[in-house]
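The values are calculated or read from the model by the stated rules, or taken from the named source; none is laboratory data. Note that the structure is predicted; figures quoted are calculated from it, not measured. Because the Cβ atoms are built from the backbone with ideal geometry, glycine has one as well, and the counts that use them run over all protein chains shown.
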Ligand SMILES: NC(=O)c1ccc[n+]([C@@H]2O[C@H](COP(=O)([O-])OP(=O)(O)OC[C@H]3O[C@@H](n4cnc5c(N)ncnc54)[C@H](OP(=O)(O)O)[C@@H]3O)[C@@H](O)[C@H]2O)c1
């Protein structure tokens, strides 16, 4: 017998969840789709009726995927408990519940067994964290990790549909301008006609801020990497630090990862682990490397450019790319549901 499914939110992630449920033949008897407003959405050849979410009518749902906005007025805070009260298990993509001790935070390649400790709600980690913990997952299991330093180059769709649209609008505007003047890079002086989700220009630029700033100068996105990776690995001793940068790419995040193993490890051992790590496609040849464009639409985390840091023992560099909307969000959520 199939399951009755709800998907709350049909933005960048919600649409991807619906696509992936279909692609993977998820055993669904019925799929109900909710958002703020009622309408029809077309995804490929399929049409879905979107219901406006309200305070009632969440009966007979087995699994509810949440891909709405976060915070007090967001979908999960307002409605997740209502689905749970009616017997559903909620898989939430947002940050609201990720660090609650009673809520499993799951990446199936790393901590699948935590799924079964759920009390009605399972959290999907942040996209940036998921791809890093999968890339290092096999290494963590074999040698442990003493330290991770990661710099991310993140796609605009990571902020949602409106952010990707802003990149498109800004780029179009500047390209149009360049018909008159060569190498015109700036939008700021002449912003007319370009409504943007970004405070600073994203087209032809790189923005070293994702999320708000904490008192220590790190952003909320950078803090998520620390807190979530430790929770998923179940190891609070790992020293983790990161810088998260938004770049003018639509889909797929890239990460430069520096790590130190807890136990002594050599290059050959790390290479063997990466070759066999679950969910990882390792580019063994150092001069070939994965690219964000190549990761789009893929289910794997693609890693390459493994280098031993000759200045310090057991330290390595790695490059990792993954589709932020798939493994970074929708696919990971559907994999959790498949385990359920
Ligand atoms: N984008 C990523 O790469 C990524 C990765 C990991 C996690 N996430 C998380 O996934 C969630 C969804 O992100 P997204 O990128 O898909 O956002 P998005 O493109 O902005 O879409 C948000 C969707 O949620 C719906 N929604 C918003 N508030 C709602 C409410 N109170 N009740 C019901 N529906 C509501 C919206 O409805 P309308 O269409 O009617 O406005 C819209 O369909 C966020 O929590 C985000 O942090 C995103």
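Using the structure shown, decide if residue 98 is crowded, with 21+ Cβ neighbours inside 10 Å and modelled with pLDDT of 95 or more. Lay out the reasoning, then the answer.
On the way: crowded, with 21+ Cβ neighbours inside 10 Å: yes; modelled with pLDDT of 95 or more: yes.
So residue 98 fits the description; yes.
Conditions first: (1) away from the ligand (no atom under 12 Å from the Cβ); (2) over 21 Å from residue 33 (Cα atoms); (3) surrounded by fewer than 24 Cβ atoms within 10 Å (Cβ to Cβ). Residue 121 passes all but one, so which condition is the exception?
(2)
May I ask you to list the residues in segment 156-173 that are more than 16 Å from the ligand (Cβ to nearest atom) and surrounded by 22 or more Cβ atoms within 10 Å (Cβ to Cβ)? Explain how you work it out, then say what you get.
Of segment 156-173, the ones more than 16 Å from the ligand (Cβ to nearest atom) are 170-173.
Correct list: 170 only.
Given the criteria closer than 17 Å to residue 334 by Cβ and modelled with pLDDT of 95 or more, does residue 84 qualify? It would help to see each step written out before you state the result.
Values: closer than 17 Å to residue 334 by Cβ: no; modelled with pLDDT of 95 or more: yes.
Answer is no for this residue.
Out of everything in segment 124-155 that is within 18 Å of residue 294 (Cα to Cα) and more than 9 Å from the ligand (Cβ to nearest atom), what residue ends up being nearest to the chain's Cα centre (by Cα)?
In this case the residue turns out to be 131.
Is it true that some residue in segment 312-324 is under 19 Å from residue 93 (Cα atoms) and more than 13 Å from the ligand (Cβ to nearest atom)?
Looking for residues that are under 19 Å from residue 93 (Cα atoms) and more than 13 Å from the ligand (Cβ to nearest atom), one finds none in segment 312-324, hence no.
Out of everything in segment 62-88 that is surrounded by fewer than 22 Cβ atoms within 10 Å (Cβ to Cβ) and under 20 Å from residue 15 (Cβ atoms), what residue ends up being farthest from the chain's Cα centre (by Cα)?
Checked segment 62-88; the qualifying residue farthest from the chain's Cα centre (by Cα) is 79.
Looking only at segment 321-331, decide whether some residue is in contact with a helix residue (DSSP H, G or I) (Cβ under 9 Å, 6 or more places away or on another chain) and more than 30 Å from residue 200 (Cα to Cα).
Taking segment 321-331 as the starting set, the residues that turn out to be in contact with a helix residue (DSSP H, G or I) (Cβ under 9 Å, 6 or more places away or on another chain) are 321-331.
In the following step, the residues that additionally are more than 30 Å from residue 200 (Cα to Cα) were identified as 331.
Yes; the residues of segment 321-331 include at least one that is in contact with a helix residue (DSSP H, G or I) (Cβ under 9 Å, 6 or more places away or on another chain) and more than 30 Å from residue 200 (Cα to Cα).
Identify all residues within segment 41-61 that are within 12 Å of the ligand (Cβ to nearest atom) and loosely packed, with under 13 Cβ neighbours inside 10 Å; write none if there are none.
Scanning segment 41-61 gives 52, 54, 55.
Could you grab me the full set of residues in segment 35-64 that are touching a residue at least 40 places away in the same chain (Cβ under 8 Å) and under 20 Å from residue 85 (Cβ atoms)?
Going through segment 35-64, the residues touching a residue at least 40 places away in the same chain (Cβ under 8 Å) turn out to be 50, 53, 58, 60-64.
Those that are touching a residue at least 40 places away in the same chain (Cβ under 8 Å) and under 20 Å from residue 85 (Cβ atoms): 53, 58, 60, 61, 62, 63, 64.
Going by the structure shown, is residue 249 free of Cβ contacts under 8 Å to residues at least 24 places away in the same chain and either outside the structural domain of residue 213 (by TED's automatic domain parsing) or surrounded by 18 or more Cβ atoms within 10 Å (Cβ to Cβ) (or both)?
No; evaluated as a whole, the condition is false for this residue.
Looking at (1) part of a loop (DSSP other than H, G, I, E, B); (2) within 13 Å of the ligand (Cβ to nearest atom), can you tell me which one residue 82 breaks?
Going through the list (1) part of a loop (DSSP other than H, G, I, E, B); (2) within 13 Å of the ligand (Cβ to nearest atom), residue 82 breaks only (1).
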